[in-house]
Every structure is written in structure tokens, then in C-alpha cells.
Amino acid sequence: MAPAPALSASPDNQPTGSFRDCPECPIMVQVPAGSFTMGSASGDASERPSHKVTLAKPFALGMYEVTVAEWRACIRGGGCSDIPGMASASDRTPAHNLHWQDAAAYTAWLSARTGHRYRLPSEAEWEYAAAARTGGRFWWGDAAGVANANCQTCGGDYQRAMPAPVGSFRPNPFGLHDMNSGIAEWVADCWNR
């Protein structure tokens, strides 16, 4: 499988095909409609049975995880609470240690700020976007490999205490960064075994 073409790793440089609804809003990437197999026939029992899911309409996701700078804009705009416990976080650090309610408040603030509908993705949308029409365990293949993500077995400068700055790793074929490492990401769905 050929690697995805590199897009800009700086949130300040917007690549072609992306959009931003306001200066302090996240860069968004349109994810095309499509089908994929969700779940796994082996491994964790909560991922069974694997099943085909079709997403009939395109949707947009943030090119990067929400950054501390974007979270601070939401605080200044009155939509988000204070920065949660994040030691030594820079503007490009992914906002983390957030509750689901915090993530929902951020999307509500974006909706009010821009006049466009923002929401958390469904679990199916998130999994489809993370896999980006590839067939491996990760978008780049079945093995963690070296320098593909921020994890103990990925080589490179693994940091457990602080997530890597957004855009530290190559984007997947849809142009989304850091989908397979870093921090936990919230979805709209409730847990359903």
C-alpha cells in the first residue's frame, strides 16, 4: 500500500480541499461517502460481529485533534470551561483530559459561532474516517511500524505524559492526522455492547 501524499502538518497552512469556518475554528476535511466493514471477527469480543456499514452522505471531520489554542478560543467565547489538567501544554497540543460533555459543549460553541451545524461524529463515521478505505489494522497496515503514531511500540520519541503536537505524523488517505494515536477521541454514540 502506497503512503498517502503528505499534507501540511501546520494548522496555520490550510491544504487544498479543506475549509475553516472562522479564524479560530479547526481546519475541516470533507470525508467522502462510502462503505466499510466495522468491527472485527477476532480480537476483542465487543468488536463482534463485523458488519458492513454504509455512510450515504459525505461529512467533515477536523484535520487535527482539537488543539489547546482552539479550546482557549472556545473559553474566550464563553462556550467551554477552563483548560483541564494539562501540564506544559502548547497551543499545538491536543486538548485532552476532557469529558464527553466538554466535547459536546465545544461543538455547540462552534455551531453558535459559525452558524453551521457541528457535532461529534458517530462511532461508524469515526472508524470509517480513521481507516480511510484501507484494509489493515491501521490505515498504513497491520503492524504499528515506526514513527506512524505516538505509542510505545511505534519507535520514535514516545511521550506518555504529554500527547505529541497535532500533525506530528503523516495524514491518512483522507487527509486526517493522528487518528490512531495520541489521545482518546469522543463520539456521539453511547457505549453499546
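The values are calculated or read from the model by the stated rules, or taken from the named source; none is laboratory data. Since we're looking at a predicted model, the values are computed, not measured. When we count neighbours, we look across all protein chains shown, and the Cβ atoms used for this are built from the backbone with ideal geometry, even at glycine. Areas reflect the complete protein model, heavy atoms only, side chains present, ligands, DNA and RNA absent. Shrake-Rupley method; radii C 1.70, N 1.55, O 1.52, S 1.80 Å.
Remarks
- Check: the chain dipole with +1 on Lys, Arg Cβ and -1 on Asp, Glu Cβ, in debye: 340
- Calculated on the Cα set of region 31-124, radius of gyration then Dmax: 16.5, 46 Å.
- Calculated FRET efficiency for the pair A33/A112, C-beta based, R₀ 22 Å, to 0.05: 0.20
- Alpha-carbon Rg/Rh ratio, for region 108-157, with Rh computed the Kirkwood way: 1.19
- Sulfur and carbon atoms: percent of accessible area, the chain [1.4 Å]: 52
- For the chain, the solvent-accessible area works out to 55 Å² per residue, with a probe of 1.4 Å and every protein chain left in place.
- Sorted from longest to shortest, the spans of the Cα atoms of region 86-126 along the three principal axes equal 32, 26, 17 Å.
- Structural descriptor for region 45-151: relative contact order 19 percent, calculated from alpha carbon pairs under 8 angstrom and at least 6 residues apart.
- Applying the Kirkwood pairwise sum to the alpha-carbon positions of the chain produces a hydrodynamic radius of 17.5 angstrom.
- Relative contact order %, the chain, counting alpha carbon pairs below 8 Å whose residues are six or more apart: 23
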